[in-house]
Amino acid sequence: MRDAKYNTEKIQKEYNQLNEKVQKLHHDLEEQIHTNTQLLADNSQKQVELRVKEDEISQIKAEAMRVNRLREQTAKKIKQLEDGRTEFEKERDILKQQISGLEAELDTRGKEVDTEKKKLEELTRERDILTKLRSQAENATQKQLDLIKINDNTKRNLEQEIQGYKMEAQKQSKLIYQLEKEREKYSIEASEAAAKYMQALEEVKLREMAIIDLQKRINEGEGKLKQQQNLYEAVRADRNLYSKNLIEAQDEIHEMKRKFKIMQHQIEQLKEEISAKDLALVKEHFDHMKVEKEKEALRMELNKAKQQIKEADHAISSQKAEIEKLNHIINEADQERIRQKKEYDIVVNERDILGTQLIRRNDELALLYEKIKIQQSTLSKGQIQYRDRLNEIRVLKIKLNDLKRELHILKSSVANIDVLKREVHQLGRELLQERTKVKALSEELENPLNVHRWRKLEGSDPSTYEMIQKIQTLQKRLITKTEEVVEKDLLIQEKEKLYMELKNILARQPGPEVAEQLSIYQANLREKTKQMKAMASELNMYQAQ
């Protein structure tokens, strides 16, 4: 009985201990159920946040799709602009080739003009030489007059030779007539060449105007291309930012999904374990060892759940940090917007300044155009005067050719002087022979031997009066010729003076320097228009932003 009482007391104590343990386990179960309910509430909140994040992701994806569409549109526009640029470049190359050809033609024309100038200088030199030769010829004529006075008897033979020279002069006049015909033909060809040269100059001007228009178009295309490139770079930067944000958000979503799956799996495991524990408590009230083992397992699982809760808290803190970062980015964007507003105000002020400058430049351009018109009128007057001078130079050339012919005739006559001298010498010898014969015959006449052979001479020498008259006529002709030569020299000097005056007038008139200044002003104007267009495009961009 004592043993039985002792055993019953032991059993009662054990039963009490077990009851206490069961109450503790019930308390722990209630706590676990409470924690499970909290975790379910947290899960529902996280699901709501996940839905919000998914909505944000869908919005980001939509924005990314819109950015991609914009990028494709800009890429298409860039391709179109590149195709247009290639076409413009081809046209520019063709025009450059044409310009090079025209420049080569202009160089050849310039060389021809230089050769004509050289020919003119040679003709002036020949004229000087002819004046010298004329003076020499005058000296030679004086010598010939002296010789004519001495050689009166040789006049008949000289007259016969003069007739021969007249025949030669007729031949030379025919040659001169042929040469004049050739000169007229060459003058017609020269006028045709001048007309071709003027046509080529007009074509060059037209081509230059076309080149300027094409350069304007190319510059406009380049400005548009730069605008498109700037837009493309801005879109690309936005795309990179959005893609980075998208990748970060996707990574966060994946992490959140993974954590959510782990939590769901753990909750299911906990539910299963709780149900198993309920069954074990109902079934095995007295299996104390099993309960202790399950309790230890529950403690381990509780520790795991606590760790998961800590990880969830860590994730929430990281999301809060990201939210703070996003708020910081929004603040920076607001600051940038304020800064861009300030820049926009500055740009508007610059635009107003540029507008005033443009008005000034337009006034200056109007003044320049008026000056150009005045200079063009003066140029046209100068061209008319230049043509008149060219006609006068042509007339002077014809007169020069006539003088050359006369000089050639005089030269031929001067060249024949040596022959004449030789003939005079021979005639002098023959005269001496004839005189000796006359002396012999006079002696025979004084002492006539063959009277039956005497006869009257038919020939008769010209009288001294006739000889003097012929000499006087020749002198008169010489004086008239010298007077004509002096008059022509005076005319040539006057023409030279006119030529020099024309040269001075042309030098005073505006030349290629004014054209260069005009081209510089035009280039400045184009640059300003480019700047204005660029500023307008930037303004539009800023307004769009």
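The values are calculated or read from the model by the stated rules, or taken from the named source; none is laboratory data. As the structure is a prediction and not an experimental result, all values here were calculated from the model. Don't worry about glycine lacking a Cβ; one is built from the backbone with ideal geometry, like all the others, and counts go over all protein chains shown. Accessible surface areas use protein heavy atoms only, side chains included; no ligands, DNA or RNA. Shrake-Rupley method; radii C 1.70, N 1.55, O 1.52, S 1.80 Å.
Things worth noting here:
- Area accessible to solvent at Ser58, 1.4 Å probe radius, in Å²: 60
- Stretchable slack from Ile129 to Lys185, in nm (0.36 nm times residue separation minus alpha-carbon distance): 17.4 nm
- Excluding same-chain neighbours fewer than eight residues apart, the lysines reachable from Lys174 by a Cα-Cα span under 21 Å are Lys166, Lys185, Lys397, Lys399, Lys404, Lys411.
- Residues listed by number, segment 464-495, amide nitrogen under 13 Å from Glu159 label point at 7 Å toward C-beta: 464-471
- Helix-derived mean residue ellipticity, 222 nm - over the chain, DSSP H n ≥ 4, -39500 (n - 2.57), to 500: -36000 deg cm²/dmol
- Nearest-10 value in Å² for the accessible area of Ile212, using the 1.4 Å probe: 40
- Accessible surface, 1.4 Å probe, highest first, among residues Asp55, Asp334: Asp55, Asp334
- Percent carbon-and-sulfur accessible area, the chain, ignoring ligands, DNA and RNA, probe 1.4 Å: 55
- Accessible area per residue, Å², segment 199-350 with all protein chains present, probe 1.4 Å: 76
- Rolling a 1.4 Å probe across the protein heavy atoms gives segment 69-122 an accessible surface of 82 Å² per residue.
- Extension gain, Val395 back to Leu25 (0.36 nm per residue minus Cα-Cα distance, nm): 119.2 nm
- Inter-label distance, nm, simple model (7 Å from Cα along the C-beta direction), Lys13/Ala104: 12.8
- At the residue level, Arg127 shows approximately 40 square angstrom of accessible surface with a 1.4 angstrom probe and all protein chains present.
- Each of Val419, Val424 has its accessible area taken with a 1.4 Å probe; listed largest first, they run Val419, Val424.
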